[in-house]
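Visitor: What follows is a structure written as structure tokens; I'll ask about it next.
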Amino acid sequence: MQNQVKENYTISGFFVFFLIAVSQKTGIVSNFQSLVVRDAGQDAWISVMLLGLSLHLIIWMVYKMLGYPAKDVIDLHRTIFGNFMGNSLSLLLVGYFFIISLFVFRTYIEIIQVWVFPTTQTWALAAIFICMIYYFVSGGFRVLTGVCFFGFLIPSFLIFFLYFPIRQGDLQNLMPVLNHSFLDLLKASKSSSFIYFGIETLLIYFPFLKLPEKTAKWAHIALHYGTFEYTVLTVVTLMYFCQGLLKHTLWPSLGMTKIIEFTFITRFEYIFIFLWLMVIIPTICIPIWCCTRIMKRVATLKPRLSLPFILATLLIAALMFNERMNIDVFEKFIIEMRFYFIYAYIPFIFIIYVIRAKIGINRK
Amino acid sequence: MNSNIHKALREISKSGDFVQKTITVQGKLLHFSYYTSLINHEQFHHDLLSFIQTSNCEIENLDDLKALIPIEGIKVSSDLKQISLSLTKGSIFLQIDPHFNEGLLVDIADLQLGLRKNNNTENEYSVIGPKVGFVENLDTNMNLLRKGMITEKLIFEEHTVGSVSKTRIAIAYIEGITNPQHVNTLRQRLLDLDVDVVFDSSILEQLIADNSKTPFPLLLSTERVDRIKYSLINGEVSLLIDGSPYAISGPVTLFSFLISPEDYYLPWILGSFFRLIRYFGVAVSILGTSAYVAVLTFHYRVIPMDLLGPIIESRINVPFPPLLEVLFLEITIELLREAGSRLPTKVSQTLGIVGGIVLGQAAVQAALTSNILLIIVSLSALASFTTPIYKMSNTIRFLRFPLIFLASLWGGLGIMLGLMFILGHLMRLKSLGMPYIVPLFPFRHKDFSDSFIRSSFSLTSKRFSFTRPLSIKRYSVQKNKDTSDDYDNE
């Protein structure tokens, strides 16, 4: 039952940093600031920070569940729920990962249509991205890790451009600190929770890491980095926007980059959006890869066969969302779904796993 | 088996340069068969004929004859196949009259005929450093390498490739440094190869490369002796081919192609600076014109007002969209380059002036292109020639064309898509089974000391880890530099 990954397909454990950090970056170009500010006001950054810190617990659970010996969630499902139930649950995950990649995919196309090419047809953009995704995913997991690596490193320098909104911002906007109730802060955390997600793919690619148990620290460091980045970004956003405007801004981060000007470049947000492709492509590719991986493990379907099928579905599904309203509803759904998956489902199987392990020891 | 080899040979070769001569020595008839185009005639007359004709000994059988001739490696043979093969390699076949079923094979091939004696590395020039290059002769090339590395660990492993050309090749590596895995991979690929004629090392390079569906060269080919020495000492395996002045070396990474030997001959600060300039050149060469197309077609808002003025002014009379304008100039430059490399040196210099200056100026005055584009195109053409290895600079020049088309379709997004695609492609490439873009991915921080910059020799005392050498240390670092300042000691 154990399906050991051959060593020449594995990646060195510290690359988990890039795999997690890149998927967490996607939220930067979204409306999370306006969502979080609705409940927590100027204390939004505390909510964002709390949320990031709470995820350490989830990562710890994942590593505990899947380590010793390394396995993926499919094996875990089988041991916990038996073969049939476990496999069905794993197949449900295909849908979950598909929806995640669809969400990232569609939102990026929307950004391009709104900010850069208003007249371009969705299908044309979607089709060229699909080709790209096919090329990367069919390269295997190591190529995907490489894309994550570059997708993290190259756009990372963008954080220095926060200097411009900071220069324009007003520290008074953050005052008074902590005048919201704890419950409000938690509510705000929940509404913006989608920004940190990206750790659930760890459930599938875990056995691809070399010595995964020993390199857990890199996953935590990635989360730390993400938390730091988002907290800084939220603080800067709060300094730059007044809260009333922020609540109705769809892409606050892009709005802030708009003011950046050099002697040879204005409208910096174009560069920002194009560079963002490097973040978006791996974030779509990894869930897609997870889909094909689950199908391979559960239904023994060859990835070469399942991948074109999944991508075709992705293309058609992306074309169905043609209005902002649709995407909005979809976003709300995604936020709920991911929240419960991370904070309910993973602890749930963790508890069952622990109980089973205890019983197993007692029986021996 | 034909007992009369003399006759059989006549029947096998109908070629005009196949000669059969008969001379009489002391009443015996001696028959010679050889290709007159292959043998060394001086050696034939001085070392062979004169000894036989002036000798006083009885020539009764082949052994007597063998003792007479002062040349090594004489074989007695009666195997027709072997004889005819040796003849086509430049041997001479000697028979004594009644015994037509066997004879002597004497190797007096003239391998130097028509070959140049030296090569000035004109295609991979460096101002400082040795200028000796490989030539078309395998023995000379092995001699050049052996002279520079006085060690018995330098191994040449000879094979023959090509069903018609029977080209001699030599796999060179240093025992105890080069990972045997690479030698085995290379040897296996060469032995599995079926090809008729090997014209040049580049053909072999393409045939044994890991992936042929790529514009990138997956093995390094160079005519510089110092470069191959450097590759060998770093644990790579090299391949020398008879008849080609270019040696092949691998496994290599993308970044090996941007290394020039001159980096090591200059102080490391200058060497690093020039290497960075080269990387910048690659970026300009790939992105220059496509960025122009993207910006002027879609994103003119990215240009600040002050800069937009001059650009509009220079383009105001140009009737074409940026894509056509760029393609027109790029193709002109490519034509110039192609014509320049096909024409004799003196003509091509004149052509460069006519094409470059006259055509460019005229194109601007005729309002076919803008001044600014002319600058960008010539800059990016210039930048592409900074790449030290010719094959890689071709690749880099080629890559801009898909990017130009993508830029005209999707602007900056198209360029980014193209770059991502190239990146993904690079990550999938392998050179002799090793990943192509180490030290970036897989990440090897130790190899960074000699990648984008050339660090000082005290930091590059270890070999590259991507070649997986058997011993990682090259030399120990000497600390005998006088860097002490007066300040602490005065």
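Visitor: Compute the helix-to-body angle for B:305-315: its Cα long axis versus the longest principal axis of chain B, expressed 0 to 90° and rounded to tens.
Guide: Roughly 60 degrees, rounded to the nearest 10.
Visitor: Please order B:268, A:45 by the number of other Cβ within 10 Å, starting at the fewest.
Guide: Details: B:268 19, A:45 23.
Lowest to highest Cβ neighbour count: B:268, A:45.
Visitor: Can you sort B:358, B:19 by how many other beta carbons sit within 10 Å, fewest first? Kindly include the intermediate steps, with their values, before the conclusion.
Guide: Details: B:358 10, B:19 15.
Lowest count first: B:358, B:19.
Visitor: What value does segment B:138-252 have for Rg/Rh, both radii from Cα atoms and Rh as Kirkwood defines it?
Guide: Here Rg/Rh amounts to 0.93.
Visitor: Return the sequence-ordered ³J(HN,Hα) values of segment B:183-194 in whole Hz as given by the Karplus equation 6.51 cos²θ - 1.76 cosθ + 1.60 applied to θ = phi - 60°, using x for Gly and Pro.
Guide: These are the phi-based 3J(HN,Hα) values: 4, 5, 4, 5, 4, 4, 5, 5, 6, 6, 6, 10 Hz.
Visitor: If you line up the Cα atoms of segment A:7-363 on their principal axes, what length do they span on each, largest first, in Å?
Guide: Projected onto the principal axes, the Cα atoms of segment A:7-363 cover 64, 47, 36 Å.
Visitor: Once the piece of chain linking residue B:139 and residue B:312 is laid out straight, how much longer is it, given 0.36 nm per residue of separation minus the C-alpha distance between them?
Guide: Full-extension gain reported as 56.1 nm.
Visitor: Then there is this: Quick one: which residues, 5+ away or cross-chain, put their amide H under 5 Å from the amide H of residue B:119? H built at 1.01 Å from N.
Guide: Amide H neighbours of residue B:119, under 5 Å, 5+ apart: B:133.
Visitor: Sticking with this one: Could you give each residue of segment B:94-107 its phi-based ³J(HN,Hα) in whole Hz, using Karplus coefficients 6.51, -1.76, 1.60 with θ = phi - 60°, and x for Gly or Pro?
Guide: Karplus values, whole Hz, x for Gly and Pro: 10, 10, 9, 2, x, 8, 8, 8, 8, x, 9, 9, 10, 8.
Visitor: Could you give the angle, 0 to 90 degrees to the nearest 10, between helix A:269-299's Cα long axis and the longest principal axis of the Cα atoms of chain A?
Guide: Its long axis makes an angle of about 20 degrees.
Visitor: When you look at the Cβ of every residue in A:46-53, what mean number of other chain Cβ atoms sits within 10 Å? Let's see the in-between values first.
Guide: Values: counts 0, 0, 0, 0, 0, 0, 0, 0.
What the average comes to for A:46-53 is 0.
Visitor: Note down, for chain B, the three equivalent ellipsoid semi-axes (square root of 5 times each alpha carbon gyration tensor eigenvalue), biggest first, whole angstrom. Please list the in-between numbers first.
Guide: Working: eigenvalues 629, 181, 85 Å².
Three semi-axes, in Å: 56, 30, 21.
Visitor: Taking amide hydrogens as modeled 1.01 Å from N in the peptide plane, which residues meet the under 5 Å criterion relative to residue B:92, leaving out close sequence neighbours?
Guide: Distant-sequence amide H within range of residue B:92: B:106, B:107, B:108.
Visitor: Turning to a different aspect of this structure: With everything on Cα atoms, drop me the angle between helix B:412-428 and the longest principal axis of chain B, reported from 0 to 90° to the nearest 10.
Guide: Once rounded, the angle reads 30 degrees.
Visitor: Additional query: Using the Kirkwood radius over C-alpha pairs as Rh, can you work out the diffusion coefficient of segment B:1-101 via Stokes-Einstein at 4 °C, viscosity 1.567 mPa s, in µm² per second?
Guide: Details: Rh = 14.0 Å.
The diffusion coefficient I find is 93 µm²/s.
Visitor: Further, regarding this structure: Out of A:325, A:109, A:345, whose Cα points farthest toward the positive end of the dipole of segment A:7-363 (charges: +1 Lys, Arg; -1 Asp, Glu; placed on Cβ)?
Guide: Of the listed residues, the answer is A:345.
Visitor: Using all Cα-Cα distances in segment A:39-161, what percent lands in each 10 angstrom bin from 0 up to the longest?
Guide: Binned Cα distances yield the sequence 10, 20, 36, 25, 8, 0.
Visitor: Amide H neighbours of residue B:474 under 5 Å, at least 5 residues apart or on other chains, H built in the peptide plane: list them.
Guide: Counting only residues 5 or more places away or on other chains, the set is B:462, B:463.
Visitor: What is the Rg over Rh value, at two decimals, for segment A:172-256, using alpha-carbon atoms and the Kirkwood definition of Rh?
Guide: Working: Rg = 16.9 Å, Rh = 15.6 Å.
Result: Rg/Rh = 1.08.
Visitor: Right, here's the next one. Over the Cα atoms of segment A:150-198, how large are the radius of gyration and the largest Cα-Cα distance (Dmax), in Å?
Guide: Both quantities, over Cα of segment A:150-198: 15.5, 41 Å.
Visitor: With labels modelled as points extended 7 Å from the Cα through the Cβ direction, what inter-label distance (nm, one decimal) is found for residue B:56 paired with residue B:111?
Guide: So the label points at residue B:56 and residue B:111 sit 3.8 nm apart.
Visitor: Give me the mean projected area, in nm² to one decimal, of the convex hull enclosing the Cα positions of segment B:367-490.
Guide: The Cα convex hull of segment B:367-490, projected and averaged over all directions, gives 13.9 nm².
Visitor: Quick check on packing: order A:72-85, A:223-236 by the mean number of other C-beta atoms within 10 Å, highest mean leading. Don't skip to the end; give the middle numbers.
Guide: Numbers: A:72-85: 17.6, A:223-236: 20.6.
The most tightly packed comes first, giving A:223-236, A:72-85.
Visitor: Okay, moving on. Could you please rank B:466, A:14, B:199, placing first whichever residue has the fewest other Cβ atoms within 10 Å of its Cβ?
Guide: On the way: B:466 25, A:14 18, B:199 14.
Fewest-to-most Cβ neighbours within 10 Å comes out as B:199, A:14, B:466.
Visitor: Quantify how strongly other chains surround peptide A:138-149 by giving the mean number of their Cβ atoms within 10 Å of each of its Cβ atoms. Display every interim value, and only then the final one.
Guide: Values: counts 2, 4, 2, 0, 5, 7, 2, 3, 11, 5, 1, 5.
Partner-chain Cβ atoms within 10 Å, mean over residues of A:138-149: 4.
Visitor: Report the percentage of all Cα-Cα pairs in the protein assembly as shown whose separation exceeds 51 Å, rounded to a whole percent.
Guide: On the way: 126821 of 364231 pairs.
Here the tail beyond 51 Å accounts for 35 percent of pairs.
Visitor: Taking θ = phi - 60°, what integer Hz values does the Karplus form 6.51 cos²θ - 1.76 cosθ + 1.60 yield along segment B:395-408, in sequence order, with x for Gly and Pro?
Guide: 4, 5, 5, 6, 4, 5, 5, x, 5, 4, 5, 4, 5, 6
Visitor: Moving to a separate point now. Any idea which of B:331, B:288, A:47 is furthest toward the positive side of the dipole for the protein assembly as shown, if Lys and Arg beta-carbons carry +1 and Asp and Glu beta-carbons -1?
Guide: A:47
Visitor: I'd like the mean, over residues of B:400-411, of how many other protein chain beta carbons sit within 10 Å of each residue's own Cβ. It would help to have the intermediate numbers written out before the result.
Guide: Working: counts 0, 0, 0, 0, 0, 0, 1, 0, 0, 3, 8, 4.
Average per residue, whole number: 1.
A short reminder: the numbers here are calculations on the coordinates, not readings from a lab. This one's a predicted model, so the numbers in the text were calculated from it and none came from an experiment. Neighbour counts run over all protein chains shown; Cβ positions are idealised from the backbone, glycine included.
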